[in-house]
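The values are calculated or read from the model by the stated rules, or taken from the named source; none is laboratory data. Predicted model, so just to flag it, every value in this text is computed and none were measured. Cβ atoms come from the backbone with ideal geometry, glycine included; neighbour counts cover every protein chain shown. SASA here: full protein model, heavy atoms, side chains in, ligands and nucleic acids out. Shrake-Rupley method; radii C 1.70, N 1.55, O 1.52, S 1.80 Å.
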Amino acid sequence: MNAFVLKIIACFTMFIDHVGYIVFDGHSSWFNYVGRLAFPIFAFQISEGYIHTHDVKKYLLRLILFAFISQIPFLLFHSIINNELGLNVIFTLFLGLVAIIIYDKYNKFVGVFSAIIFGIIAHFLNSDYSFYGVGITFLFYVFNKNKCLLAISFIIATLMQYSYLILVYYNYGFEFLKNVFIIYLPYFICTIFSIIIILCYNKKKGPSTKYFFYLFYPLHMILIYILSFVLQN
């Protein structure tokens with residue numbers, strides 16, 4: 001399975017995930033279970049992109065440029081779900097990439113420390129996937145030469161993420177906690193299933209359609225927002 005196929009899977013599952021909010025009027029649904037496959041694949045592709053890029057500066061510039069381009073479409077799309085403000089996922093991937101560069105080019109310890117700091121920054125900026133997003137992007141690079149450790153670190157990070165989300169709701173009482181656990185367990189299972197797809201990667205590029213995937217992110221959110229607006233009026 002080459003990089004092109006991985007990106008197609010990620011884009012398709014992300015689209016299904018986001019369309020679900022139209023179908024179910026802004027509420028979570030099984031569409032979102034399918035969508036849990038998308039982000040880990042995108043995060044993995046950032047680490048692979050760094051390994052194969054010929055110009056790191058252009059790679060960074062491209063990411064931050066599309067992060068800003070995607071912000072308004074992200075806020076429009078997010079208004080379908082709630083009015084909470086935050087940064088889109090490309091900002092999270094950008095921070096993960098910067099941590100990878102520091103780890104690779106300068107100092108391993110400083111790189112790990114920077115990944116933690118950038119994760120905290122992503123959390124307080126309410127960047128999509130926040131600390132977890134920065135963390136797994138970084139881990140995918142650190143363990144890129146060992147599939148076993150890559151898979152184990154990803155599963156542990158994902159388990160910690162969903163455990164944290166459940167604990168956030170602990171004060172609401174046992175019944176609420178039980179319901180949240182029932183909701184989040186399928187999310188966890190579907191998220192870790194993405195590692196199977198990632199491990200099928202054959203390290204080949206496939207067809208070169210680089211900018212299609214960068215453009216797909218903001219354009220599909222604009223499309224979904226327009227469809228939501230039309231259906232409501």
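For SER127, which sequence-distant residues (separation of 5 or more, or a different chain) have an amide H within less than 5 Å of its own amide H, given hydrogens modelled in the peptide plane?
The answer is LEU87.
Treat each spin label as a single point 7 Å out from the Cα along the C-beta direction, and report the ILE155 to TRP30 distance in nm.
In this crude spin-label approximation the distance works out to 2.6 nm.
Sort CYS190, CYS148, CYS11 by heavy-atom solvent-accessible area, probe 1.4 angstrom, most to least.
CYS148, CYS190, CYS11
Accessible area per residue of the chain at 1.4 Å probe, in Å²?
Counting only protein heavy atoms, the per-residue value for the chain is 54 Å².
Computing the accessible area with a 1.4 Å probe over protein heavy atoms, can you report the carbon and sulfur percentage for the chain?
On the way: 9120 of 12620 Å².
Roughly 72 percent, rounded to a whole number.
Under a 1.4 angstrom probe, counting protein chains only, how are MET1, MET14, MET160 ranked by accessible area, largest first? Can you show the working numbers first?
Numbers: MET1 75, MET14 20, MET160 125 Å².
Highest to lowest solvent-accessible surface, that is MET160, MET1, MET14.
Which residues in the stretch 192-229 place their backbone N less than 18 Å from a point set 7 Å from the Cα of LEU65 along the Cα-to-Cβ direction?
Within reach of a label on LEU65, which here means backbone N under 18 Å from a point 7 Å along Cα→Cβ, the stretch 192-229 contributes 209-219.
Ignoring everything but the protein chains, give the 1.4 Å probe accessible area of LEU65 in square angstrom, nearest 10.
90 Å²
Using all C-alpha to C-alpha distances in the chain, build P(r) with 5 Å bins and read off the rounded percent in each one.
Over the chain, the share of Cα pairs per 5 Å bin runs 1, 6, 13, 18, 21, 18, 12, 7, 3, 1, 0, 0 percent.
In whole Å, how far is the Cα centre of the stretch 193-233 from that of the stretch 80-132?
Measuring centre to centre over Cα atoms gives 20 Å.
For the chain, with only Lys/Arg (+1) and Asp/Glu (-1) charged at the beta-carbon, what is the dipole magnitude about the Cα centre, in debye rounded to 20?
920 debye
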